[in-house]
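A short write-up of the structure that comes next.
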Amino acid sequence: MEKGFFEEVLATLENASRFLNLPEPIYQRLRRPRRSIIVSLPVMMDDGSVRFFTGYRVQYDFARGPAKGGFRYHPKVTLDEVTALAALMTWKCAVVNIPFGGAKGGVECDPTRMSRDEIKRLTRRYTYEIALMIGPEIDIPAPDMYTDEQVMAWMMDTYSMMKGYTVPGVVTGKPICIGGSLGRKTATSQGLVAVVCEALRFLKISMEGLTACIIGFGNVGKGCARILSDMGVRITGIADSKGAIYNPKGIDISAVSRHKKETGSVKGFGSAEDVDLDELIGKEVDVLIPAALEGQINSRNAHRVRARIIAEGANNPVTRDADEILKEKEVFIIPDILANAGGVVVSYFEWVQDLQGFFWSRDEIASRLNSIMKKAFKEVVDMSLDKGLDMRTSAMVVGVKRVADAISVRGLYP
Ligand code: NAD
């Protein structure tokens with residue numbers, strides 16, 4: 001049986017800490033979240049009834065700086081999932097070497113069945129309940145699945161109302177007009193494409209005739225599809241929650257975006273064949289980008305994979321059992337904590353700009369993001385070559401070492 005999500009994350013941590021020979025108390029510290037809160041949220045629904053939702057916020061570690069991480073609205077949110085994601089955020093911030101710890105949050109709800117007003121009231125109550133543990137110097141939330149910049153604006157407003165003054169730095173991923181950063185919306189996709197380009201160079205794969213398949217057609221997936229397609233890459237397959245499509249000749253990204261807007265899915269797009277997700281995963285392709293849910297490439301379907309590179313847009317889309325199968329197939333994996341770190345890098349830029357009240361140009365942001373992603377890729381590849389580690393363990397070793405060093409030098413309190 002496949003492990004739980006947090007157990008999966010702990011298994012990767014164990015590999016890295018065994019390699020680093022971490023002192024037992026530091027390893028034990030890293031296996032546990034620093035702080036977790038479960039909140040119950042009564043929300044007035046549009047029909048006048050009151051429904052109770054359960055929300056979570058986990059601050060996994062803040063040895064290197066304030067905790068940072070998004071929050072999601074999804075029916076399957078659990079404490080295990082939020083804890084695992086908060087741990088991943090901790091290593092992710094460390095891999096790209098930005099001065100943050102890791103956190104994550106979520107509310108168990110189905111946002112697709114709620115009105116915007118209901119989501120607004122849910123967001124305000126969730127913010128109120130976790131307000132005691134967030135803030136620009138403590139923990140800075142951001143968007144994740146089904147939470148967008150409007151949700152961030154409501155969170156920032158609620159927190160500011162409670163404080164009595166405007167606090168732009170309490171969240172990132174908010175609209176530009178209230179202190180959001182240029183380039184934040186496309187940051188994760190841009191960062192992912194930057195490391196894919198580095199991987200192609202490293203593996204000596206030409207851009208000419210390159211193909212990519214993308215699972216998930218939201219912020220990350222659609223962004224990657226757009227950027228890669230603009231670079232001349234043929235997007236041959238796309239999946240969303242309702243189905244998948246495939247066309248070996250390539251899919252027109254603007255046309256499929258319009259189709260999804262009109263019908264709610266990529267499914268049924270005239271110029272491609274409808275397939276199921278496992279079929280899409282089995283198609284021959286250069287780059288496969290899972291950018292939807294965790295665990296979508298697992299022991300059940302990993303043997304089908306015929307991609308040369310998997311760039312993890314989502315968090316933990318490939319399970320540890322699947323890792324073993326993919327290793328045999330020599331698939332080059334760019335692990336989540338490196339591949340999708342672009343979002344948190346530009347979130348860091350947004351926080352810095354908010355604190356300074358001084359805003360940067362789009363070019364400045366793109367160029368700083370690019371150089372951070374390239375440097376992180378090089379550090380992870382160098383470690384992997386130097387120590388004979390796979391890319392996932394190597395990224396973990398780079399990230400975990402930075403966190404462990406910070407804990408170690410600060411010492412045990414009191
Ligand atoms: P989103 O809500 O914008 O999009 C999610 C997409 O996944 C949608 O197209 C949805 O239809 C699709 N999807 C849902 N269930 C699916 C299924 N069973 N099969 C195929 N597709 C399915 O979310 P997002 O912001 O693009 O985030 C996607 C993933 O990337 C998440 O795992 C998130 O944690 C991770 N991530 C996001 C960011 C960011 O900046 N948004 C940063 C780092 C990591």
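With contacts defined as alpha carbon pairs under 8 Å and 6 or more residues apart, what's the relative contact order of the chain in percent? Working shown, then result.
Working: 839 pairs, mean separation 70.4, N = 414.
About 17 percent, as a whole number.
Can you tally the lysine pairs in the range 187-339 where the Cα-Cα distance is under 27 Å and the two residues are eight or more apart, or on different chains? The number of close lysine pairs in the range 187-339 is 25.
Across all directions, the shadow cast by the convex hull of the chain built on its C-alpha atoms averages 20.3 square nanometres. Taken one residue at a time, the phi angles of the range 346-362 give Karplus couplings (6.51, -1.76, 1.60, θ = phi - 60°) of 6, 4, 4, 4, 4, 4, 4, 5, 5, 5, 8, x, 9, 10, 9, 7, 4 Hz. Gly and Pro are set to x.
Rounded, prolate or oblate: which one fits the range 269-412, using the alpha carbon gyration tensor with axes a ≥ b ≥ c (rounded when a/c is under 1.5, else prolate when a/b beats b/c, else oblate)? Oblate.
Shape analysis of the range 181-340 places it in the rounded category; the axes a ≥ b ≥ c from the Cα gyration tensor give an a/c below 1.5.
A full extension of the chain between residue 138 and residue 49 corresponds to an added length of 28.6 nm, given 0.36 nm per residue minus the alpha carbon distance.
Once you keep just the Cα pairs under 8 angstrom separated by 6 or more residues, what percentage relative contact order results for the range 21-167? Intermediate results must be reported in sequence, preceding the final value.
Details: 282 pairs, mean separation 36.9, N = 147.
Worked out over the range 21-167, it gives 25 percent.
Which residues among the range 333-356 fall inside the zone where the amide N is under 17 Å from a point 7 Å beyond the Cα of residue 177, along Cα→Cβ? Within reach of a label on residue 177, which here means backbone N under 17 Å from a point 7 Å along Cα→Cβ, the range 333-356 contributes nothing.
Mind pulling the per residue volume of the convex hull built on the Cα atoms of the range 148-209? Å³ is fine.
Numbers: hull volume 5.8 nm³, N = 62.
So the per-residue Cα hull volume is 94 Å³.
With the simple model of a label 7 Å out from the Cα in the direction of the Cβ, residue 18 to residue 375 spans 3.2 nm. Here the extension length gained between residue 271 and residue 364 equals 29.7 nm, from 0.36 nm per residue of separation less the Cα-Cα distance. For the range 134-142, backbone phi angles converted through the Karplus equation (6.51, -1.76, 1.60; θ = phi - 60°) give residue-by-residue couplings of 10, x, x, 9, 10, 7, 10, x, 7 Hz, Gly and Pro being listed as x. DSSP finds beta bridges in the range 187-339, and of those with both partners inside it, around 30 percent are antiparallel. Take the Cα of residue 263, step 7 Å toward its Cβ, do the same at residue 97, and the gap between the two points is 4.8 nm. Of all lysines in the structure, those lying under 17 Å Cα to Cα from residue 92, and not within fewer than 8 positions of it along the same chain, are 68, 104, 374, 375, 378, 401.
How many percent of DSSP beta bridges within the chain run antiparallel, rounded to 5?
Numbers: 25 of 53 bridges.
DSSP beta bridges in the chain are roughly 45 percent antiparallel.
By definition, a body whose alpha carbon gyration tensor gives a ≥ b ≥ c is oblate when a/c is 1.5 or more and a/b is not larger than b/c, and the range 328-414 fits this oblate description.
Of 182, 385, 210, the residue with the greatest mean-square motion in the GNM of the chain, using alpha carbon springs below 10 Å, is 385.
Label 7 Å along Cα→Cβ of residue 28; the range 43-79 residues with amide nitrogen under 20 Å? Hits in the range 43-79 for residue 28 at 20 Å: 60-63.
A short reminder: the numbers here are calculations on the coordinates, not readings from a lab. Note that this is a predicted model, so its numbers are computed, not measured. Glycine also receives a Cβ, built like all others from the backbone with ideal geometry; neighbour counts cover every protein chain displayed.
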